[in-house]
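J.: Supplied in structure tokens, the structure appears directly below.
The values are calculated or read from the model by the stated rules, or taken from the named source; none is laboratory data. It should be emphasised that the depicted structure is a prediction, and the values quoted were computed from it without experimental measurement. With ideal geometry, Cβ positions are generated from the backbone for all residues, glycine too; neighbour counts draw on all protein chains shown.
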Amino acid sequence: MVNIKRINELAKKQREVGLTEEEKKEQAVLRKEYIDSVVGNLKAELDNTYIIDENSKHKVEPKNKTTDGETKTTDNPEDKMLN
């Protein structure tokens, strides 16, 4: 679980009086954890998003996934937008 409260405390202190080197390192680690969490949640959400046609059937299957769930590489710019 990402410690948002601590991220905000460090941001406030940075604006008001500045941070020590140790606090700057802590802030960088916490921010990276937060970004990784957001990206992971977004990826999970997008991996479970489908286009449904008017008959409530899957209209488009994800083009960038192989049958074993791995992401395939492609030169098609439209497929790259899905990654």
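J.: Cβ-Cβ distance below 7 Å, separation of 6 or more or different chains: which pairs start in the range 11-23 with a residue that is acidic (D, E) and end on one that is modelled with pLDDT of 95 or more?
T.: E23/L10
J.: Could you tell me whether E33 is of a type outside the set (K, R), more than 15 Å from the chain's Cα centre (by Cα), surrounded by 11 or more Cβ atoms within 10 Å (Cβ to Cβ) and not in a loop (DSSP other than H, G, I, E, B)?
T.: The answer is no for E33.
Residue by residue, here is whether (1) hydrophobic (A, V, I, L, M, F, W, C); (2) touching a Ser or Thr at 6+ places or on another chain (Cβ under 9 Å); (3) at pLDDT 95 or above holds:
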position	(1), (2), (3)
M1	yes, yes, no
A11	yes, no, yes
E22	no, no, yes
L30	yes, no, yes
E33	no, no, yes
L46	yes, no, no
T66	no, no, no
M81	yes, no, no
